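Asker: Here it is, the structure, as structure tokens.
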Amino acid sequence: QISDIVREDFSAQESQALNVVLNDTPPTGERAIEPYAQKLSTLGNVARVDSEAGSFAAGEQVAPPGPGSDRFSADSSTYLSVIPKSESLSEEGERLVEDIRSTEAPYDVEVGGPAAELVDSLDSMYDRLPLALAIIGVTTFILLFLFTGSLVLPLKALVLNCLSLSATFGVLVWGFQDGHLEGFVGEFTVTDTITWTVPVLLFCIAFGMSMDYEVFLLSRIKEEWDRSGDNQLAVARGLERTGAMVTAAAGLIAIVWLGFVLSGISYLKAIGLGLAVAVLMDATLVRGALVPAFMRLAGRANWWAPGPLARFHRRFGLREAPDEPSGTPGSPDTPDGKPTRESVH
């Protein structure tokens, strides 16, 4: 509430000032700070610049140095307090950080403050995000190949998981960034942004749970495929055996995540609703419709792999139980020791 009042009723965001630190400077009284402070005060979105040389606005000095100016000085460094006009955690705030860092300075410059922390956090995330996505994608692909012996099914799983997650992110943007869910999930302040950690957490948690459901379904489909060699029958029976379990599990975990919506903290609301939507969409639309539809249309191509990889899977692949010839005594297909029509097929 206080932040809303400051943002709406005052022209400067004093509590969100950027700290521009100049290092390795001459001693106090010998450093030329005034021209640099004047230059910073002319940047867009700057209300005022306070420094040891006084206060500046729109390129002009609006207040001379006073007793309080000593707080900006140290033996070999000084700092300037740049007061923005708008919210620091916004596109305008990020742009101001870039403008300050690109402005020529008389000494080495470091920029801190809420907007700078956001910019640096995002840069750090973007630098490592491709590597993180590559590790997740490659390891998931390899494990699903070892489990199924197919190159098609792991690729299908990655694409459909990303599809459901993209839809979830769309709900978050529409509901929280644009504010259409305000009132439906409780009151929150619409800032036209989403806390940058929310999409990362959502992706990691929802992707992991989606892959759990994928393994549940594929394990039963693969079991029936190995037994009968009939792709259509395998998809139908795999869905029949896991559908109720996956739906129940998704419903239970969605209830847990929806409990986060009761929080008074907006990013927890976003995480709770986002994960609930992701789980329910994945268990119903993706696992209940898109996966079986794709596998039905792909037919025997679902289980394709090049010869060398197929031989590698037969030797090193992951299995729930040792291979057992169909139609032999003790086989689950033939409890009485006699081959069934399906096992012969």
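Only the coordinates and a few stated rules stand behind these numbers; no lab work does. Here the structure is a predicted model, which means the values were calculated and not measured. Quick reminder, even Gly has a Cβ in these numbers, built from the backbone with ideal geometry, and neighbours come from all protein chains shown.
Asker: Would any residue of segment 76-102 have its amide N under 16 Å from a label point 7 Å out along Cα→Cβ of Tyr126? List them or say none.
Answerer: 90-102
Asker: Something else about it: Can you tell me the length gained on complete extension of the stretch Ala32 to Arg311, counting 0.36 nm per residue apart and subtracting the Cα distance?
Answerer: Between Ala32 and Arg311, full extension yields 93.1 nm more.
Asker: Extending each Cα 7 Å along its Cβ direction at Arg101 and Leu133, get the distance between those two points in nm, one decimal.
Answerer: So the two model labels end up 2.1 nm from each other.
Asker: Also, I was wondering about something else. Just name one of Leu96, Val6, Ile33: the one whose Cα is farthest towards the positive end of the charge dipole of segment 2-112 (beta-carbon charges, Lys/Arg +1, Asp/Glu -1).
Answerer: Ile33
Asker: Using θ = phi - 60° and the Karplus curve 6.51 cos²θ - 1.76 cosθ + 1.60, what whole-Hz ³J(HN,Hα) does each residue of segment 301-317 get, with Gly and Pro shown as x?
Answerer: Going residue by residue, I get 5, 3, 9, 6, 7, x, x, x, 5, 4, 5, 4, 5, 4, 8, 10, x Hz, with x marking Gly and Pro.
Asker: For segment 163-292, what is the charge dipole size about the Cα centre, in debye to the nearest 20, if Lys and Arg each add +1 at the Cβ and Asp and Glu each add -1 at the Cβ?
Answerer: 260
Asker: For the chain, take the longest principal axis of its alpha carbons; what is the angle in degrees between that and the long axis of helix 91-102, to the nearest 10 within 0 to 90?
Answerer: Orientation of helix 91-102: about 60 degrees from the principal axis.
Asker: In addition: Given the options Ala206, Ala283, Ala12, state which has the largest fluctuation in a GNM of the chain using a 10 Å cut-off (strictly under) for Cα springs.
Answerer: Among Ala206, Ala283, Ala12, the largest GNM mean-square fluctuation belongs to Ala12.
Asker: Okay, next question. Given charges of +1 on the Cβ of Lys and Arg and -1 on the Cβ of Asp and Glu, with all other atoms neutral, how large is the dipole of segment 27-115 about its Cα centre, in debye to the nearest 20?
Answerer: For segment 27-115, the charge dipole is close to 200 debye.
Asker: Taking the simple approach of a point 7 Å from Cα along Cα-to-Cβ for both Lys85 and Asp192, what is their distance in nm?
Answerer: Output for this residue pair reads 1.4 nm.
Asker: What number does segment 1-159 give for Rg over Rh if you use C-alpha atoms and the Kirkwood radius?
Answerer: 1.25
Asker: Right, next: Counting helices only, and only those DSSP H runs with n ≥ 4, report the 222 nm mean residue ellipticity of the chain as the sum of -39,500 (n - 2.57) divided by its residues, in deg cm²/dmol to the nearest 500. Mind dumping the intermediate values first?
Answerer: Details: 11 runs with 182 residues, N = 345.
Counting only the DSSP helices, I get -17500 deg cm²/dmol.
Asker: Moving on. As I understand it, the dipole of the chain uses +1 on the Cβ of Lys and Arg and -1 on the Cβ of Asp and Glu, about the Cα centre. Which of Ala283, Thr242, Leu131 lies farthest toward its positive end?
Answerer: Checked the options; the winner is Thr242.
Asker: Over the Cα atoms of segment 48-130, each weighted equally, I'd like the Debye log10 I(q)/I(0) at q = 0.15, 0.21, 0.26 Å⁻¹, rounded to two decimals.
Answerer: Relative scattering, expressed as log10 I(q)/I(0), comes to -0.65, -1.10, -1.33.
Asker: In what order do Cys162, Cys204 fall by count of nearby beta-carbon atoms within 10 Å, going from fewest to most?
Answerer: In order of increasing Cβ crowding within 10 Å: Cys204, Cys162.
Asker: Along the positive direction of the dipole of the chain (beta-carbon charges: Lys, Arg +1; Asp, Glu -1; about the Cα centre), which of Pro114, Ile142, Phe260 reaches farthest?
Answerer: Ile142
Asker: I've got another one for you. What distance in nm lies between label points placed 7 Å from Cα along the C-beta direction at Leu201 and Leu290?
Answerer: In this crude label model, Leu201 to Leu290 measures out at 2.4 nm.
Asker: Given a 10 angstrom Cα cut-off, can you work out which residue in Thr168, Thr247, Thr42 is the most mobile in a GNM of the chain?
Answerer: Fluctuation is largest for Thr42.
Asker: Here are several values of mean projected area of the Cα convex hull in nm²: [x] 22.5; [y] 24.2; [z] 16.4. Which one was derived from the coordinates shown?
Answerer: [y]
Asker: Something else about it: For segment 33-49, just list the computed ³J(HN,Hα) in residue order, Karplus coefficients 6.51, -1.76 and 1.60, θ = phi - 60°, integers in Hz, with x standing in for Gly and Pro.
Answerer: 9, 4, x, 5, 5, 4, 5, 5, 5, 8, 5, x, 6, 9, 8, 6, 10
Asker: Subtract the Cα-Cα distance of Ala236 and Asp70 from 0.36 nm times their separation in residues, and report this length gain in nm to one decimal.
Answerer: My answer for the length gained is 52.0 nm.
Asker: Using a simple charge model, +1 on the beta-carbon of Lys and Arg, -1 on the beta-carbon of Asp and Glu, nothing else, what dipole does the chain show about its Cα centre, in debye to the nearest 20?
Answerer: The dipole of the chain has a size of about 2400 debye.
Asker: What is the order of Met245, Met295, fewest Cβ neighbours within 10 Å to most? Numbers along the way, then the final one.
Answerer: Values: Met245 14, Met295 25.
With the sparsest Cβ surroundings first, the list reads Met245, Met295.
Asker: With springs connecting C-alpha atoms under 10 Å apart, model the chain as a Gaussian network and identify which of Asp50, Asp24, Asp212 has the largest mean-square fluctuation.
Answerer: Of Asp50, Asp24, Asp212, the most mobile in the Gaussian network model is Asp24.
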